[in-house]
Each structure stands twice: as structure tokens, then as C-alpha cells.
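Written below as C-alpha cells is the structure these notes are about.
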Amino acid sequence: MSLRGRMTAALFAAAVAAFATPAWAQNYHIGALLPNSGPMTQFGQLFGNGADLAADHINADKMLSKPFVIDHEDSQGQPQPAVTGMNKLVRVNEEPVVLTAQSGVSKAVAPIGEREHVVTINGGGVAPDLAKLGPYFFNVIPLVNYEVRALVPYLAKEKKFKRIAIVYVEDPLGEACLNELKENAPKNGMELVGAFSVPSTSRQFAPIAAKVREVKPDVVFVAYYGQTMVALVKQLRDAGVDAPFTSYSGFDDPDLKALPAAEGSIYSSQKMDWASTDPITARFVADFKKKYGKDPTFYNANYYNAVWVTAQAMASLEKKKQPITGENIRNELLAIKTFAAVGGKMEFQPDGTVSMPMQINELIKGGSKVLN
Amino acid sequence: MLFLQLLVDGLQLGALYALMAVGFAMIFGSTRVFHYAHGTTYVIVGYLFYYLAERLHLPWWAAGAAAAAAGVVFGVLLDRWMYRPIQRDEGSFFTVFVASFGIAVVAENVIIILFGASFVSISTPLTRVSDIGGGIVVSYLGMFSVLAAALLFVFLNWFLDRTDVGVALRALSENPDLVRGFGLNPRKLSQYAFAIGSLLVAPAALVATCVTGLTPTAGHRVVLISIAASIIGGIGSLRGAGLGGLILGLAESLAVWKLSTGWSEAVAFIILFAFILARPSGLFGNRARV
Amino acid sequence: MVGYILNLLILISISGILAGSLNFIIGYAGIYSLAHAAFFGIAAYTGALIALHVSTSLLIAIPVAMAICAILSLVISLPSLRVRGEYFVVASLGLQMIAFTVFSEWTSVTGGLGGITGVPVATIFGFSLRSLGSMLAVSLACLALVTFAIFALVRTSFGRNLRAIRDNEVAAAAFGKNVALTKTLAVAISSALCAVAGVLYAFHVSFVNPESFTIDASVLVMAMIIIGGTGTVFGPILGALIIHLLPAGLTYLTFLPSRDLASLQQIIYGAAMVLLMIYRPSGLIGRANVKDTWSK
């Protein structure tokens with residue numbers, strides 16, 4: 001067979017395998033549309049690892065009558081590939097549930113989910129505009145405005161900081177942090193002494209550092225995410241910004257934990273006690289370490305929870321002998337409302353967001369510790 | 001006070017930009033190859049430096065030298081294996097550009113597969129600033145980049161004015177036939193241009209890997225800065241490219257003085273546009289050649 | 001399955017329009033622009049804003065976006081065209097960067113990095129394009145119209161002037177052709193045609209943010225016409241087809257590590273650009289007289 005012939009045959013075989021295998025219908029599938037390439041790749045892995053572990057547990061427990069499978073598609077962290085990937089998951093694979101992350105991607109795919117009655121669950125993005133993406137969009141991560149409201153009083157009362165400055169990326173997340181600070185800092189007796197925006201394309205932060213030093217803050221809020229945030233923190237510190245940094249849960253970042261310049265930073269996150277004796281949390285922590293050889297993070301836990309609650313809703317539907325459709329899963333999630341999940345109780349609000357208790361953390365050498 | 005600090009920061013940034021731009025200007029000026037992959041050379045040098053120094057724990061000077069050498073080899077091989085076959089068919093400026101861009105895309109993604117898409121940097125106490133009086137702060141590496149830029153310019157001036165290869169390189173851009181007439185081999189000269197041009201970008205790559213950190217996609221920005229600086233300075237003029245880089249660095253830093261910090265990125269391109277509109281031949285360019 | 005294919009075909013049609021309009025200046029006029037994604041973006045934002053605030057009719061959004069893109073292109077191209085070749089490429093590169101900055105910084109209009117969400121479904125003659133099939137039909141019709149417009153344009157005396165300038169600018173000027181005017185018009189037409197793609201994109205995806213209009217998008221469009229063949233009518237469409245089907249095809253090669261798929265795609269585009277430039281600069285279905293096309 002010629003090379004071309006062989007390639008065609010291989011492609012054909014692959015296509016047949018993907019579409020025609022009888023095993024397809026014998027399983028329950030959900031989709032995961034995560035950034036498996038591009039600048040957010042690392043997070044895509046964190047998210048995916050958590051989801052995959054949940055699938056392992058669901059199958060081990062025989063929670064459902066059929067094996068449970070997660071199909072991964074790459075969103076590349078960008079809207080257009082995400083829309084293509086979402087279409088594939090929703091229209092080819094006919095997944096009733098799709099996991100997603102990041103505001104841009106979530107906003108681009110949420111309308112498809114709503115139109116096709118597919119539950120879309122975010123466990124990674126925290127921008128507040130994620131709360132308004134329609135009846136089929138759920139967040140299993142508390143959004144950033146809740147975080148800042150928990151963080152500011154701690155900075156004022158426990159740390160006795162008076163002057164706070166913010167360096168923020170110009171997007172919904174950064175602006176939400178700015179607005180929350182504007183509102184909450186004075187309430188807690190702190191003064192917002194400077195607000196400096198960073199263009200998302202910028203990688204040179206020495207001039208911003210000069211402006212931050214000029215206002216002499218006691219503490220500097222960094223509202224950014226991903227690799228640029230790590231570069232930003234390093235450069236600010238290098239350029240003589242000596243005040244401690246503070247941030248939202250975006251600081252729970254493996255690269256940042258490895259960065260000496262970030263040590264001593266204070267950040268908020270959802271409450272997560274890894275040493276808890278609660279059986280779900282303990283099992284998650286133990287098996288996560290076993291499977292991936294490292295400690296879990298919030299992100300792992302959130303995507304684990306996203307899959308976990310989905311399977312619970314499916315199991316409940318099975319019991320009621322109702323078909324497993326996106327619409328039914330959505331209604332079931334809101335009907336059950338409170339789930340036992342990693343980290344404790346998780347309660348869905350009618351608008352698809354969750355309320356969870358918060359905690360304050362500090363970055364220490366090579367990791368983080370809980371302060372309160 | 002703030003102004004002075006921004007001026008100092010701008011000088012350091014400008015020195016780095018000048019180092020990036022001079023190598024590009026050298027290659028473009030003498031061979032007329034629109035070497036988009038100049039940014040790729042920068043990224044390769046930076047990542048290799050990171051790999052050797054941070055992962056294999058080689059001494060920094062050995063890692064730096066090896067990385068710079070790899071950059072030179074990359075540049076020379078590109079000239080020999082890619083640009084030359086294209087130019088043999090009288091490939092136009094754009095054909096060369098597309099191929100060069102293609103290489104940049106390939107290299108960027110190979111690095112992503114090898115090192116991941118996230119940012120790498122080398123931690124050294126040399127990037128921490130210290131007070132030099134009056135609240136103005138500078139880091140050792142910042143001072144080093146200004147010094148390195150200054151020294152390299154002195155060296156380049158000497159090289160282009162006083163050595164045979166240097167004089168021939170300058171002649172190559174004006175009139176390749178003339179060079180041939182003097183018994184020099186334009187091909188060989190073009191290899192020299194690529195070798196030296198690639199070597200020139202190495203100090204900027206090494207310093208930036210420590211100071212700002214490196215991502216696989218950093219090359220695009222390096223090329224943009226290089227091109228912008230070359231145009232501001234005037235195509236074909238090395239002095240001009242160096243000065244252009246310095247202006248861009250200063251502008252990017254000083255823009256923050258009065259404007260919102262959000263606009264510092266765009267300032268470079270606004271200056272570039274102003275030059276293209278008002279003085280397309282640049283500061284030192286030869287008007288007739290535009 | 002059908003929905004997935006329809007969606008892919010819509011995206012291919014949109015890319016075909018983009019590539020065709022870029023090919024009009026690169027292939028026929030020898031003007032190399034890296035700012036195509038900027039105009040694509042301007043049109044997409046225009047379309048989204050019109051849809052949200054004025055009317056969801058394509059018959060309003062498309063002409064307005066075309067006019068805005070054409071006018072903006074004049075503002076930029078008039079001065080830039082004073083210079084030649086490499087300068088225009090660089091100017092367009094700079095313009096692309098500035099456009100991205102404006103898209104992400106002009107928050108009151110563009111919504112910044114958060115973008116504009118909830119663009120309503122498009123209508124045409126009062127008929128809603130809610131189903132993918134009807135959207136595809138309209139996209140294909142637009143692609144056909146744009147392709148035909150380019151096909152017709154290059155056969156007029158204007159088109160002949162363009163090619164004369166492409167092949168030898170000095171000679172064309174010597175023959176009394178108004179080079180600057182011809183080039184400026186070409187850029188304006190190209191930008192206006194590109195606007196069709198932008199509006200369709202905004203309605204189809206119903207979400208617009210700056211990330212879709214980066215330099216990478218410009219390069220992707222360029223890759224389409226280079227792979228397909230510059231200066232040909234169907235080359236850009238073939239290119240668009242290949243660039244969109246490649247990732248879809250790669251995902252079925254299950255032995256490839258899925259984490260590296262996107263990088264592998266990029267490597268394939270990049271390598272294809274290099275190899276084509278060395279061995280076949282006219283693209284897959286380009287004309288045979290390569291040297292004539294590409295030498296200055």
C-alpha cells in the first residue's frame with residue numbers, strides 16, 4: 001500500500017474507532033474543555049488531573065450503572081478553538097456536561113451550552129462576570145469578589161496594614177479586584193494609595209515597580225494570573241518593591257510557590273483543610289498523592305468536585321429512572337443543592353454559583369500554610 | 001524622583017533593546033535577509049542558558065558561552081540551509097520572510113514541548129536592586145547590560161571601520177558585485193554577518209533570562225523591537241539601530257511617568273509610526289534607499 | 001456530528017473570506033500586510049456593537065462594517081504606502097500591535113479583555129439565522145460573493161494596473177499609472193471584504209474579545225494563502241480548508257500526546273511554510289511562473 005493509502009486507511013480506522021465503537025454508548029461520558037496547550041497549559045493539567053481522579057473514584061465505587069468516562073478537548077485557552085472544541089463535545093459526542101475554565105473561554109462556550117441544554121461547569125476562573133452566563137452555567141469555585149471581601153479585613157486587623165496599592169491586569173478579574181478594594185479598604189480603615197494597570201501583553205514591569213515604590217504601600221495587591229503573574233511578582237520584588245504581596249487564590253500557583261521573591265505573600269482562597277478527617281477529603285488527598293506523586297491544590301479539588309457532584313446528580317437520576325440529559329442534570333444539581341465534597345459542604349446558589357467558607361494563606365518556602 | 005528612576009530603568013531597558021536590534025540590523029543591513037528568526041536565536045540562547053545553568057548546574061560563564069555558541073550555529077545554519085536555497089531562486093523579500101517566520105513558529109513550539117509554555121528564569125541575587133543614592137535603585141545586571149551595550153558598540157565601530165571583513169560587510173549591502181570584484185566571497189561574508197549578528201543578541205538573551213524571565217513566545221517581541229529600532233535608526237545603520245533601541249526603551253519607561261501604566265506597550269509602536277510617517281528613512285538612513 | 005461539521009464549515013467559509021481578501025492585496029497587488037486580523041477585529045467589534053444596539057440584520061451590519069474598515073484602512077495606508085516593501089510589512093505589524101492594544105484598552109467600547117458577550121442571533125430580511133444550516137448557507141453565499149468580486153475585480157483594468165505595479169512598480173509609474181492611488185484603493189477594498197468575515201464571525205461565535213485578533217491570527221490567515229497559493233482564486237479557500245481540517249484530523253491520531261497537539265499543529269504549519277518557500281513558493285495550486293510572481 002502506498003504511503004498515502006496507508007495514511008488514508010489509518011485516518012479512516014481512527015474515525016471509525018471514534019464514532020462507531022459500540023463501547024461509546026455503554027459508557028457515561030462528560031466532556032472537559034481545558035487549556036491543554038498555550039500559556040495556561042499548566043493549569044489545564046491541574047484541572048484535568050482533579051477531574052480524572054474523580055472519574056477513577058466514581059468507577060471504583062460503582063456509583064453509576066455504566067462506566068464513567070471523561071473526554072478531553074483542548075481549548076488552547078482561547079475563545080475560537082474553545083468554540084470548535086465545545087461543538088465537538090456537544091454535537092459529536094453529545095456530552096450532557098462539559099467542564100470549562102477561564103473567563104474568555106467560558107463566555108465563548110456558555111451560549112452553546114445554553115442553546116444545546118448542556119451543563120457547563122467552571123472550576124478555575126474566578127472573574128465575577130462568570131456568575132451571569134445563563135441557567136446552564138455553574139461555578140464550583142467561589143468568585144473573586146467573595147475572596148477580596150474576606151481578605152481585606154484580615155490585612156487590616158491581623159496584619160495592621162494601613163496603605164494598600166494594587167497592580168492589576170486590565171480585564172474583568174483585575175477590575176473586579178480593584179473595585180472590591182476601593183469599596184472594602186476604607187471600610188476596614190485602610191487607604192488605597194495607588195492603582196496601577198498592566199496591559200495583558202506587557203512583560204516589562206520595572207517602570208510599574210518605580211510607580212509602586214513612589215506611593216510607599218504597606219502591602220501590594222497583585223491581581224493577575226498565570227505565568228505573567230509570576231514574572232510580575234519577581235520583577236516587582238527585584239526592582240525594589242519590598243512591601244509584602246497579597247492576592248486572591250490565583251497566588252496558589254506552583255510556579256509562584258517555587259519563587260523565593262513571593263515568600264511571605266498573603267492570599268485568600270476557599271477553605272481547604274488537607275489534613276481533614278472527613279472521608280471524602282482524606283480519600284482525595286491520599287489518592288491524589290498516590291496517582292500524581294504530589295500534593296493537591298484547590299484547582300485539583302475543584303475539578304474533582306465538579307465531576308463528583310455531576311456523578312451524584314446522575315446517580316440520583318438513575319435511581320429515579322429519569323434519562324441522563326443535560327437538562328435533567330441541571331435540575332437535579334439545583335434540587336439536591338448541597339453536596340458533600342472535598343473540603344466540606346458545597347452549596348449551589350440559584351444563580352449557579354457556590355458559597356464556600358474562605359481561608360487566608362501565606363506562601364512559605366516551597367509551599368503555603370494556612371493563617372487562620 | 002520618579003522621573004529619575006524611570007530614566008535609569010529606561011536606560012537599562014534601552015540597552016537591552018539596543019543589543020537585540022544591532023544584531024538584526026547587522027544581518028538585514030548586509031545580507032538584506034529579513035531575519036524574523038532573529039527572535040528565535042534569542043529564545044534558543046535564553047533557554048539553553050537556563051537549561052545548562054539552572055537544571056545541569058553548570059557554572060554561569062560556561063552555560064552562557066555554550067548558549068551563545070549555539071545561537072551562532074543556529075544563525076549560520078539557517079543562512080546556509082534555508083535562506084541560501086531560497087535566494088538561489090531569486091526569492092523575494094517576502095518569500096524569505098515567510099520561511100523565516102515558519103522557522104520561528106517551529107522553534108517556538110518545539111521549545112513548548114520540551115520546556116512547557118510557562119515562564120522560566122534564573123534566580124540570582126544580581127537581579128536585586130540596591131540604592132545608589134537619592135532613592136534611585138539599580139541592579140548589578142542592569143548596570144552590566146548598559147556596560148555591555150556600550151562596550152559592544154565600541155567594538156563594532158572598530159570592527160566595521162578597521163578590519164577587512166568589517167569593511168567588506170558594509171560594502172556587501174551597497175554593492176555585492178563590487179565585493180566580488182575585490183575577490184571576496186559574498187556567501188562567506190553573509191555567513192560572517194549571521195554569525196556576528198546572532199552573537200550580538202546573546203548578551204541581551206542572557207541578561208533578560210535572569211531579569212525578566214523567558215517564555216517560548218518571547219521571540220516575536222524581540223523581533224518587533226529590533227525591526228522598530230532599525231527603522232527608527234535607519235535601515236542599514238548599526239549606530240542608528242542601537243540608538244533606536246535606546247529610544248524605544250526610554251520611551252517605554254518614561255511613558256509611565258504621566259500616562260496610565262496601561263499604555264507603555266503601545267508607545268513604542270506609536271513612535272515607530274511617527275517615524276514611518278514623518279521620516280521613513282530613519283535617523284541615520286540614506287533617503288535614496290527607501 | 002452534523003452540527004460539528006456545520007460549525008467547522010462556517011468557520012472555513014469565514015476563513016476563506018479572510019484569506020481571499022488578504023490574497024487580493026498580497027497575491028495581486030504585492031502589498032504584504034500583517035494587519036489583516038486588525039481589520040477582522042474592527043469588523044467583528046462593529047458587527048457585535050451594531051447587533052447589540054442597532055439591528056441584528058446582516059444587511060445593516062455588513063455594509064456599515066465594510067465602510068468603517070475601508071475608511072480606517074485609508075487613514076493608515078495613505079501614509080504607509082509612501083514607502084515600499086519591507087516598510088509596509090513593518091508598518092502593518094505595528095498597526096496590528098496598536099489595534100490589539102486599542103481592543104484591550106478601550107474598555108468602554110470594546111469591553112476590554114473581557115470582550116462583548118451575548119451577541120444576538122443574526123437576521124437577514126427578517127429571517128432568523130438561528131440554525132447552523134441557515135448560518136452556513138449565508139456564510140457560503142458571502143464566500144461566493146467575495147470570491148466572485150475578487151475574481152471580477154482582477155479582470156478589470158484596475159486589476160491589470162495592480163498586477164503591473166506588483167511586477168514592476170517603477171515601470172508602472174513610468175507608464176503613467178497612479179501607483180499610490182491604486183494601492184490605496186486595493187487596501188481599502190481588501191479591508192472592506194475582510195469586514196464581511198468579521199461580522200459573520202461576531203454573529204456566529206456571539207462573543208468577541210481581543211484574543212481572537214492577535215498577530216497569530218494574522219499569521220494564520222497568511223499561512224492559508226501561502227499554503228493554498230497566492231494570486232489564485234481558489235488557493236485561499238483550499239488553504240483555509242487545510243488549516244481548519246488539520247487540527248480536526250490530528251485529534252483522531254490517538255497515538256499523539258494530546259497535550260502537545262496544538263504545538264504539533266503549529267510545527268506543521270511552520271514547517272509547511274518553510275518547505276513551501278524553499279521548494280514551491282507559489283503554493284499548492286499556484287501558477288508555474290514562480291520567479292515572475294515573486295521577484296521584485
Just to be sure, is B:GLY10 under 28 Å from B:LYS188 (Cα atoms), within 14 Å of another protein chain (Cβ to nearest Cβ) and either assigned to a helix (DSSP H, G or I) or among the polar types (S, T, N, Q) (or both)? no
Among residues of the range B:212-243, those that are part of a helix (DSSP H, G or I), touching a Leu at 6+ places or on another chain (Cβ under 7 Å) and over 26 Å from B:VAL106 (Cα atoms), counted: 6
Do we have A:THR41 as buried (at least 22 other Cβ atoms within 10 Å of the Cβ), modelled with pLDDT of 80 or more and of a type outside the set (Lys, Arg) here? no
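Every residue, every condition in (1) in the same structural domain as A:GLY134 (by TED's automatic domain parsing); (2) among the polar types (S, T, N, Q), yes or no:
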position	(1), (2)
A:ASN328	yes, yes
A:LEU334	yes, no
A:LYS345	yes, no
A:PHE348	yes, no
A:GLY352	yes, no
A:LYS365	no, no
Of the residues in the range A:48-66, those that are touching a residue at least 40 places away in the same chain (Cβ under 8 Å), over 15 Å from A:ILE121 (Cβ atoms) and among the small types (Gly, Ala, Ser) come to A:SER65
Qualifying positions in the range A:127-143 - buried (at least 24 other Cβ atoms within 10 Å of the Cβ) and within 13 Å of chain C (Cβ to nearest Cβ): A:ALA127, A:LEU130, A:LEU133, A:PHE137
In the range C:165-179, anything surrounded by fewer than 19 Cβ atoms within 10 Å (Cβ to Cβ) and either under 22 Å from the mean Cα position of the chain (by Cα) or not in a helix (DSSP H, G or I) (or both) is listed as C:ASN168, C:PHE175, C:GLY176, C:LYS177, C:ASN178
Residues being closer than 14 Å to A:PRO296 by Cβ and either within 11 Å of another protein chain (Cβ to nearest Cβ) or at pLDDT 90 or above (or both): count how many of those fall in the range A:254-275. 1
Could you list, in sequence order, all residues of the range B:111-128 that are surrounded by fewer than 19 Cβ atoms within 10 Å (Cβ to Cβ), more than 7 Å from chain A (Cβ to nearest Cβ) and more than 17 Å from B:LEU56 (Cβ to Cβ)? B:ILE113, B:PRO125, B:LEU126
Output yes when any residue across the range C:149-163 is charged (D, E, K, R), in contact (Cβ under 8 Å) with a residue 24 or more places away in the chain and over 30 Å from C:HIS204 (Cβ atoms), and no when none is. yes
Members of the range B:242-260 that are within 13 Å of chain A (Cβ to nearest Cβ) and buried (at least 22 other Cβ atoms within 10 Å of the Cβ): B:LEU248, B:GLY249, B:GLU252, B:SER253, B:ALA255, B:VAL256
Taking the range A:83-95, which residues are of a type in the set (D, E, K, R) and either under 19 Å from the mean Cα position of the chain (by Cα) or facing chain C (nearest Cβ under 8 Å) (or both)? A:LYS88, A:ARG91
Go through (1) touching a residue at least 40 places away in the same chain (Cβ under 8 Å); (2) under 21 Å from A:ALA51 (Cα atoms); (3) not in a loop (DSSP other than H, G, I, E, B) and name the single condition A:ALA286 misses. (1)
Got at least one residue in the range B:148-159 being surrounded by fewer than 18 Cβ atoms within 10 Å (Cβ to Cβ), under 19 Å from the mean Cα position of the chain (by Cα), within 23 Å of B:GLY29 (Cβ to Cβ) and among the small types (Gly, Ala, Ser)? yes
For the range C:78-92, does any single residue satisfy the condition of being closer than 16 Å to C:PHE40 by Cα, surrounded by 16 or more Cβ atoms within 10 Å (Cβ to Cβ) and more than 14 Å from chain A (Cβ to nearest Cβ)? yes
Given the conditions (1) small (Gly, Ala, Ser); (2) facing another protein chain (nearest Cβ under 9 Å); (3) surrounded by fewer than 24 Cβ atoms within 10 Å (Cβ to Cβ), which single one is not true for A:GLY104? (3)
Across the range C:51-66, what is the total count of residues that are under 18 Å from C:LEU193 (Cβ atoms) and surrounded by 14 or more Cβ atoms within 10 Å (Cβ to Cβ)? 8
Report whether or not C:MET66 is within 20 Å of the chain's Cα centre (by Cα), within 12 Å of chain A (Cβ to nearest Cβ) and touching a residue at least 40 places away in the same chain (Cβ under 8 Å). no
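Residue-wise test of (1) crowded, with 21+ Cβ neighbours inside 10 Å; (2) closer than 27 Å to B:GLY102 by Cβ; (3) out of contact with any strand residue (DSSP E or B) (no Cβ under 7 Å at 6 or more places or on another chain); (4) β-branched (Val, Ile, Thr).
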position	(1), (2), (3), (4)
C:ARG163	no, yes, yes, no
C:LEU181	no, no, yes, no
C:ILE189	yes, no, yes, yes
C:GLY198	yes, yes, yes, no
C:ILE215	no, yes, yes, yes
C:VAL219	yes, yes, yes, yes
C:ILE225	yes, yes, yes, yes
C:VAL233	no, yes, yes, yes
Tell me which helices (runs of 4 or more DSSP H) are completely within the range B:74-179 and hold 2 or more residues being aliphatic (A, V, I, L, M), free of Cβ contacts under 8 Å to residues at least 12 places away in the same chain and closer than 30 Å to C:ILE225 by Cβ, or say none if there are none. B:93-115
Checked the range A:232-249 for anything surrounded by fewer than 24 Cβ atoms within 10 Å (Cβ to Cβ) and of a type in the set (Gly, Ala, Ser); matches are A:GLY240, A:ALA243
Identify, from the list C:ALA188, C:ALA172, C:ALA164, the residue that is under 21 Å from C:ALA37 (Cα atoms) and not hydroxyl-bearing (Ser, Thr, Tyr). C:ALA188
Residue in the range A:155-172 that is farthest from the other protein chains (Cβ to nearest Cβ), counting only those that are in a loop (DSSP other than H, G, I, E, B) and not aromatic (Phe, Trp, Tyr): A:GLU158
Scanning the range A:96-145 residue by residue, those more than 15 Å from the chain's Cα centre (by Cα) and either among the hydroxyl-bearing types (Ser, Thr, Tyr) or assigned to a strand (DSSP E or B) (or both) turn out to be A:VAL97, A:VAL119, A:TYR136
Can you tell which of B:LEU141, B:LEU172 is among the aliphatic types (A, V, I, L, M) and either away from chain A (no Cβ under 14 Å) or surrounded by fewer than 19 Cβ atoms within 10 Å (Cβ to Cβ) (or both)? B:LEU172
Flagged in the range A:308-349 as part of a helix (DSSP H, G or I) and polar (S, T, N, Q), in numbering order, are A:THR310, A:GLN312, A:SER316, A:ASN328, A:ASN331
Pairing a residue in the range C:102-117 that is over 24 Å from A:VAL109 (Cβ atoms) with any residue that is at pLDDT below 80 and not acidic (Asp, Glu), where Cβ atoms lie under 6 Å and the two sit 6 or more apart in sequence or on different chains, gives C:GLU105/B:GLY262
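The values are calculated or read from the model by the stated rules, or taken from the named source; none is laboratory data. Quick caveat: nothing in here was measured; it's all calculated off a predicted structure. Note that we place each Cβ from the backbone using ideal geometry, even for glycine, and neighbour counts take in every protein chain shown.
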